[in-house]
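Since the structure comes first, as structure tokens, the remarks are kept for the end.
The values are calculated or read from the model by the stated rules, or taken from the named source; none is laboratory data. Remember, predicted model here, so these are calculated numbers, not experimental data. Cβ coordinates were reconstructed from backbone atoms using ideal geometry, including for glycine residues, and neighbour counts include every protein chain displayed.
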2 protein chains.
Amino acid sequence: MKKSLLSPTFRLQTAPGEDRERQVCDTCGFINYVNPKIVVGAVVAVDGGVLMCRRAIEPRRGFWTLPAGFMEEGETVEAAALREAYEEAQARLALQGVLAIYSVPHISQVQIMFRASLAEPGFAPGAESLETMIFPLNDLPERDLAFPSVAWALRDYRRFLAGEAGPFSNPA
Amino acid sequence: MKKSLLSPTFRLQTAPGEDRERQVCDTCGFINYVNPKIVVGAVVAVDGGVLMCRRAIEPRRGFWTLPAGFMEEGETVEAAALREAYEEAQARLALQGVLAIYSVPHISQVQIMFRASLAEPGFAPGAESLETMIFPLNDLPERDLAFPSVAWALRDYRRFLAGEAGPFSNPA
């Protein structure tokens, strides 16, 4: 019988009516549903370039990313995108539409990326960033990107600018 | 000191570097991040109408819904939409694009709805459905819809057919 890490009373078992093993409490029958987590972020267009943040935290400290992060309970995807841009880049955004939805199954993430502009001028590194910068689209820090999905979002943003209709998904 | 329902060793507390209270284990410091859950579904166009399912399970047993359900770990949003349509309506879908992303903060859900057609003919009630049926767009079961977001998706599908560019979001 597989033990769960959650608590000694939890065991991996298939509850009635379920088609897969989940962590179920032997005491009260509580089923601990675990589902993918949502990351929300934005490609922020500024002066023909894109706002990027150099990560101050692990994983991938020192590498460049787009303002994005885990959605919290009790907020909308739009509010999460605005909050993350403020936390990471002290930027106030105006959202313009959904650029892409990426699935990253091996880490159980869904990433929802918006297109945005600055609702008011100015940006600066937040607590989780070492540096914030506008990169021209023809001079992106391609070799120093933090995650594959950052490259996907930048590529799909260029596809959008070239006239392709989004929202985009994972590369084939 | 607020107690957690998760286990006697968990307490609601603000961990170092965090800006909000989370359930943290006093024994090992494990932080139980709780994030919104993702529901994925589809508006399936069939013969000028839309495929709907009458719910066999609570909540809202007996009411009409679109094929949709909770995304599981290890799958993509596209795979989740296909799986749910098969589980609830025994239908094999071809996805055509993202219709809408709805946030339902008070129940901590994000709903991603695709547009789709049948990849092969045929549909039938799955274990969670009492009935599956094609409703013409001018004769939808408006008064017997299971959830507000079902009404939103049907309304936004009509907006899409009328030429509006999606993806759509919550009603204003």
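What to note about this one:
- Residue within region A:51-58 that is within 11 Å of chain B (Cβ to nearest Cβ), closer than 18 Å to A:Ala153 by Cα and in contact (Cβ under 8 Å) with a residue 40 or more places away in the chain present: no
- Residues of region B:103-122 classified as in contact (Cβ under 8 Å) with a residue 60 or more places away in the chain and more than 23 Å from A:Tyr102 (Cα to Cα), total: 1
- In the set (1) over 29 Å from A:Gly166 (Cβ atoms); (2) assigned by TED's automatic domain parsing to the domain that holds A:Phe147, the condition left unmet by A:Glu21 is number (2).
- Test for B:Ala85: is it surrounded by 21 or more Cβ atoms within 10 Å (Cβ to Cβ), more than 14 Å from chain A (Cβ to nearest Cβ), touching a residue at least 12 places away in the same chain (Cβ under 8 Å) and not acidic (Asp, Glu): yes
- Selected residue [of a type outside the set (A, V, I, L, M), away from every other protein chain (no Cβ under 14 Å) and more than 26 Å from A:Gln96 (Cβ to Cβ)] from B:Pro148, B:Pro125: B:Pro125
- Residue that is nearest to the chain's Cα centre (by Cα), among those in region A:156-172 that are surrounded by 14 or more Cβ atoms within 10 Å (Cβ to Cβ) and away from chain B (no Cβ under 14 Å): A:Tyr157
- Residue in region B:35-43 that is of a type in the set (Gly, Ala, Ser) and not assigned by TED's automatic domain parsing to the domain that holds B:Leu95 present: no
- Looking at B:Pro8, B:Pro67, B:Pro36, just one residue is buried (at least 22 other Cβ atoms within 10 Å of the Cβ) and at pLDDT below 95, and that residue is B:Pro36.
- Spans of strands (runs of 3 or more DSSP E) in region B:1-100 with at least 1 residues closer than 29 Å to A:Phe168 by Cβ: B:37-46, B:49-55, B:68-70
- Against the numbered list (1) in contact with a Gly (Cβ under 8 Å, 6 or more places away or on another chain); (2) more than 14 Å from every other protein chain (Cβ to nearest Cβ); (3) outside any strand (DSSP E or B), A:Phe135 comes up short only at (3).
- Condition check for B:Ala80: crowded, with 24+ Cβ neighbours inside 10 Å and either at the interface with another protein chain (Cβ under 9 Å from one of its Cβ atoms) or more than 18 Å from B:Pro125 (Cα to Cα) (or both): yes
- Any hit, region A:34-46, residues being over 15 Å from the mean Cα position of the chain (by Cα), more than 8 Å from every other protein chain (Cβ to nearest Cβ) and in contact (Cβ under 8 Å) with a residue 60 or more places away in the chain: yes
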